[in-house]
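In what follows, a structure is listed as structure tokens, so that the remarks can point back to it.
What follows draws every value from the coordinates through simple rules; no lab data is involved. In this text, all values refer to a predicted model and were calculated from it rather than measured experimentally. Note that we place each Cβ from the backbone using ideal geometry, even for glycine, and neighbour counts take in every protein chain shown.
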2 protein chains.
Amino acid sequence: MRLRFLTSASRQLRLSNQPCRHRLLGTSAAQAGQQQQDGSKGNQNSRAFNTTLYGAGTLGGIGAGYWLFNELDKKRQQPLEQTKQLTTPPAAELDAEAEARLWHKTKRSDLPTYSVEDVLRHDKPENGIWVTYGLGVYDVTEFAPNHPGGDKILMAAGNAIDPFWAIYQQHNTQEVLQLLESFRIGNLNKVAAEDDDELSSPWAQEPKRHDLLKPTSKRPFNAEPPISLLGEHFYTPNEYFYVRNHLPVPTLKPEEYELELEVESGPGQPSRTLSLDEIKKLPKHTVTAAIMCGGNRRSEMTRIKPVKGLSWGAGAVGNAKWSGARLCDVLQAQGVKPDERLHVIFEGADLDPTAHPYGASIPLSKALDPRGDVVLAYEMNEQPLSRDHGYPIRVIVPGTVGARNVKWLTRIVVTDHESDSHWQQNDYKGFSPSTDWDTVDFSKAQAIQAMPVTSAICTPIPEERVKVDKGYITVRGYAWSGGGRRIERVDLTTDGGKSWHVAQLEQENVPDGRHYGWSLWTARLPVSDEQQKQPNLEIWAKAVDSAYNVQPEAFEHIWNLRGVLANAYHKVKVRLI
Amino acid sequence: MRLRFLTSASRQLRLSNQPCRHRLLGTSAAQAGQQQQDGSKGNQNSRAFNTTLYGAGTLGGIGAGYWLFNELDKKRQQPLEQTKQLTTPPAAELDAEAEARLWHKTKRSDLPTYSVEDVLRHDKPENGIWVTYGLGVYDVTEFAPNHPGGDKILMAAGNAIDPFWAIYQQHNTQEVLQLLESFRIGNLNKVAAEDDDELSSPWAQEPKRHDLLKPTSKRPFNAEPPISLLGEHFYTPNEYFYVRNHLPVPTLKPEEYELELEVESGPGQPSRTLSLDEIKKLPKHTVTAAIMCGGNRRSEMTRIKPVKGLSWGAGAVGNAKWSGARLCDVLQAQGVKPDERLHVIFEGADLDPTAHPYGASIPLSKALDPRGDVVLAYEMNEQPLSRDHGYPIRVIVPGTVGARNVKWLTRIVVTDHESDSHWQQNDYKGFSPSTDWDTVDFSKAQAIQAMPVTSAICTPIPEERVKVDKGYITVRGYAWSGGGRRIERVDLTTDGGKSWHVAQLEQENVPDGRHYGWSLWTARLPVSDEQQKQPNLEIWAKAVDSAYNVQPEAFEHIWNLRGVLANAYHKVKVRLI
């Protein structure tokens, strides 16, 4: 069912482990040999530990490795399958492998110490590419072009590879660890930053986050995963599902949790309180819904003209299966009747410095519609909600901007007006490109509810060197539209729209109007000989939804002062190899 | 409530009749005098009727008229109010007015005879501007720049003014008739074309249409009104609501009319038949809905690259109040239950040459949703449906492309598949710009249901000379989005998007999600001194709907081989005066 995109090299790593170990070992040893010949790095010098084992494991392979490296270089243009025929190198010893796993956890006294900031400055080929793993600092500038996973290595440039290797398990071999250690240039000076909060600080109870999440803001915590990882899973893994917090994360004890329900307007019993157990005893409903931040892709809009807001890339979105009680069941049991003039206000347990909660509202018509699929969710992809995602209860309002999907939900009010919260009234609204902070009147615009159609290219990433395979490149991404509108088509072009290619879609078989999940897509795009001669290739993606709404071409005419609704064509410039 | 746009001159005509009569008479007589001095038209020569009266009415005014004309010419740059001070001309006699009403109905033997085609060739200033009224042919080339209603006169260029004067009643005065007769150059050779059908022809029973409707195809009849008229009425007058017929118009007798209802799939009684009376006895529901042809604005898309289809302007849309029985009531009474896998097929009484009816379908979820507002309509703007609009019953599917709003409805089927009609399966679908007739596979695209957001500028029209009023011009148009999405904003620019101006909206106060009517809008746009020096000014309009979907900028990247979904920015080039 799932169409999973991997570069041909990394696909081979997964599908055919044995030849890849060979190939990596070959490269590893070869690279080490190369550097020894250069004499430039000095990282084959004496070390404080395991010299013998290191020698047995690494130096033993140098001769064959150097030969292999040259062979690989010669055969780079040939299909990868042919490299399987190369000589098998000496088998590595099991003990040596166990020892290799300790290297990056050990400080090497023969090497200098660098700070996180030192490493961060080496985040692109021009500056040199450094990465860290455990306590080790590594210069992989020269290795990067030969990385079997291609430019995915750049995701970690200037940063830790730990979270990536936790996902790409093929790195956890002695050969790869040997190769890495051969690039070692120093030790990381890890400071236990931000763990020094007083217990009374509102930030003292923040949860531990996955290292893959790149923060756009640390307090409140806001972070997105690397976009190329995002496109690999139809259901975004919970641990690196983007996080959008407006305030400190509250700590709610399940046994003390209470959800207040009030009916201020219209028929219905005026109030009741639901415990977590009572919510869980209601019929369980699961809906697949992508949740997207109103500011997703803001960093692209900012390039036209600065906007106010967190500088999100295209990763402030995730797709998950949410399970919980249906809000329409809860409201109907309370005696609430359809009335299109009414609203449903949600409040969270997260409080601002004046003790006001985060709040938002949606029309009652959405809340009461069984096809609206609004759920009081306690599970995300079949796991209990994590604290960052609203434990114990988050309201999921499918098809609607993330800001209305209130986390740590503690109060629901049926009433005749929208939420008066900052986030409903003075934020998350769209304006004309000519509206500025002097002329803006937030009361004149509608609070964002359903989101417009959008798409993004997940792989390749900008500046990535992309291999042309028999005249084609493979491009992969996501597309989504709000309001339950299914994605009808994703078109791609590499020639500024002279020719368009229709992507293959991966989406759930859910009726339109209730199609709240995203679609992943894959396209093989032909590249001409002429294009291969150019230094760059720009790929554009545009999605069309079931109402045949289409993304606007550029940010210029949809720019708005808050940088929301940034849904222009996604354009990624790559280099062909 | 209604914001009605009129040019300042025509507004004055309506609001202040007396001074305008003076002004028109002044112009009339002046114009006649001017032409007599030129000696070029020869239309002050002897005529076969009413010479005396004509002389009394027209020639009597020449002296004062000529003076007035010069005065007007001198004062053209002054505000119109100042012209009210001009000398009052001689009062016209009542008898003379009655006689004047006969002139255009009478053949003048002193003048040549022209065909409709002769007139049609004189449709723009470069070719001379001719119009007809009754039997008269008139050359208004020199008068057009002084027309108090501005370039609205160009709507009738090369054509009959009869339908326009039926609307703009201020023309029905002796003075105006005198002025017109002074431009007479001939008699119209009216051929009773197309009335010669055999009674057995399927076209023999076509209804009489309003002359304002400009046909894009005569058989089947397809026609739209002039767009500048369209923007004048929030509820489009029935008589010039656009007509989209796919086949000959059937003749249905109300007493014999039967609507078959079949439930092929899902629960429900298998079939029943409803008479017109039975439908009218059901609760009457009224919904305001704009109906738009899938090919509206196709003529703009065609300029990029030819497409197949009728060359519609931006007038293949209209907004009306539709009244009838709710389809959800009829289906529920039949025992039909919600099931998102099912469809509702509609068939009309209009038959193709193989006796197959026009057909289309919609999802059952739309048909059963009370907020979907699908009605079996027998009234349009509180009048019985006309034959061209589906008498006696048309299904109105608000928010959905016109093609699913089946006219002359005779059969409804609840079933597990879409209609297999040509119009559902092989037409009214969108494709990528690179899909051509060699590669198209209609089974791969979704039938259009909800339409994307769009807008159009109704006034000024292209090439119109627009008066700058204290540094501003006034622009007016419509905007609409499918699926019940309210129009949130309409932005206008006159400098290619460097600055945008937000229009004032006129729309019904109906909740979003169920906002099926269109919005009219008006904007006052500043024009700079620099812009006033340029020969042209291009105005762009773009609408944003409640899901913050926005129109695409240009047709290039939304082009499709059927020319449907033509919703790019509307761009109109005008001349400033």
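Determine the shielding of peptide A:348-360 by partner chains: average, over its residues, the number of Cβ atoms on other chains within 10 angstrom of each Cβ.
Other-chain Cβ atoms within 10 Å of each residue's Cβ, averaged: 0.
Computed from the mean reciprocal separation of all distinct C-alpha pairs, what Kirkwood hydrodynamic radius does the range B:262-305 have, in Å? Numbers along the way, then the final one.
Numbers: mean 1/r = 0.0652 Å⁻¹.
When all Cα pairs of the range B:262-305 are included, the Kirkwood radius is 15.3 Å.
Using the number of other C-beta atoms within 10 angstrom as an exposure proxy, rank A:Ser201, A:Ser455 with the fewest first.
A:Ser201, A:Ser455
What does the charge count near A:Asp495 come to, summing +1 for each Lys or Arg and -1 for each Asp or Glu among other residues with Cβ under 12 Å from its Cβ?
-1
Net charge near A:Pro452, counting Lys/Arg +1 and Asp/Glu -1 over other residues with Cβ under 9 Å of its Cβ?
So the environment of A:Pro452 carries a net charge of -2.
Could you work out, residue by residue across B:434-447, how many beta carbons of other chains sit within 10 Å of that residue's beta carbon, and then give the average as an integer?
Taking all residues of B:434-447 together, the mean is 2.
Would you please give the FRET efficiency between A:Glu382 and B:Asp110, computed as 1/(1 + (r/R0)^6) with r the Cβ-Cβ distance and R0 = 60 Å, to the nearest 0.05?
Efficiency, from the Cβ-Cβ distance: 0.05.
In the structure shown, do any of A:Lys107/A:Lys214; B:Lys208/B:Lys280; B:Lys190/B:Lys214; B:Lys253/B:Lys407 have a Cα-Cα gap over 20 Å, and if so which?
As for pairs spanning more than 20 Å Cα to Cα, those are A:Lys107/A:Lys214; B:Lys208/B:Lys280.
Tell me which residues come under 5 Å, amide H to amide H, from B:Trp312 once H is placed; ignore anything under 5 positions away on its chain.
B:Arg298, B:Ser299
How big is the range B:151-300 in terms of Cα radius of gyration and Dmax, in angstroms?
21.4, 72
What ranking of B:Tyr548, B:Tyr478 emerges when the number of other C-beta atoms within 10 Å of each C-beta is taken as an exposure proxy, fewest first?
On the way: B:Tyr548 28, B:Tyr478 31.
So the residues, fewest neighbours to most, are B:Tyr548, B:Tyr478.
Pop a pseudo-label 7 angstrom from the Cα along the beta-carbon direction at both A:Asn127 and A:Glu538 and give the gap in nm to one decimal.
Here the modelled spin labels are 2.5 nm apart.
Quick one: which residues, 5+ away or cross-chain, put their amide H under 5 Å from the amide H of B:Val374? H built at 1.01 Å from N.
Under 5 Å from the amide H of B:Val374 lie the amide H atoms of B:Leu327, B:Cys328, each far enough along the sequence or on another chain.
Between the range B:518-558 and the range A:511-530, how many Å separate their Cα centres?
31
Using the Karplus curve 6.51 cos²θ - 1.76 cosθ + 1.60 with θ = phi - 60°, work out ³J(HN,Hα) for each residue of the range A:254-271 in order, rounded to whole Hz, and write x for Gly and Pro.
Here the 3J(HN,Hα) series is x, 6, 9, 4, 9, 10, 7, 10, 10, 10, 7, 10, x, x, x, 5, x, 7 Hz.
Between beta-carbons, use under 11 Å as the cut-off and find the net charge around A:Val131, counting Lys and Arg +1, Asp and Glu -1.
-2
Tell me the Kirkwood radius of the range A:112-157: reciprocal of the mean inverse pair distance over distinct alpha-carbon atoms, in Å.
Computed over the range A:112-157, the radius equals 10.7 Å.
Which whole-Hz ³J(HN,Hα) couplings does the range A:423-436 yield from phi under the Karplus relation 6.51 cos²θ - 1.76 cosθ + 1.60, θ = phi - 60°, glycine and proline marked x?
6, 8, 9, 10, 7, 6, 9, x, 9, 5, x, 8, 7, 10
Can you give me the long-range amide H partners of A:Arg465? Hydrogens built in the peptide plane at 1.01 Å from N, cutoff under 5 Å, separation of 5 or more residues or another chain.
Counting only residues 5 or more places away or on other chains, the set is A:Asp151, A:Arg575.
So what are the three principal axis dimensions of the range B:224-379 from its Cα atoms, in whole Å, longest to shortest?
Principal extents (Cα only, largest first): 51, 34, 33 Å.
Would you tell me the mean number of C-beta atoms belonging to other protein chains that fall within 10 Å of each C-beta in A:538-548, as a whole number?
For this peptide, the per-residue mean of nearby foreign Cβ atoms is 5.
Residue-wise, which Karplus ³J(HN,Hα) couplings in Hz belong to the range A:120-128, taking 6.51 cos²θ - 1.76 cosθ + 1.60, θ = phi - 60°, and x for glycine or proline?
These are the phi-based 3J(HN,Hα) values: 4, 5, 9, 10, 7, x, 4, 9, x Hz.
Rg (Å, one decimal) plus Dmax (Å, integer) for the alpha carbons of the range A:427-577?
17.3, 56
Would you list, by chain and number, the lysines whose Cα falls below 25 Å from the Cα of A:Lys444, excluding same-chain residues fewer than 8 positions away?
Reachable lysines: A:Lys305, A:Lys308, A:Lys366, A:Lys429, B:Lys498, B:Lys542.
Quick check: the distance between the Cα centres of the range A:316-333 and the range B:201-220, to the nearest angstrom?
Their Cα centres are 53 Å away from one another.
Among A:Thr273, A:Thr474, B:Thr400, what is the fewest-to-most ranking by other Cβ atoms within 10 Å?
Details: A:Thr273 11, A:Thr474 17, B:Thr400 28.
Going from least to most buried by this count: A:Thr273, A:Thr474, B:Thr400.
Please report the spacing between the Cα centers of the range A:228-260 and the range B:229-246 in Å, no decimals.
Answer, in whole Å: 52.
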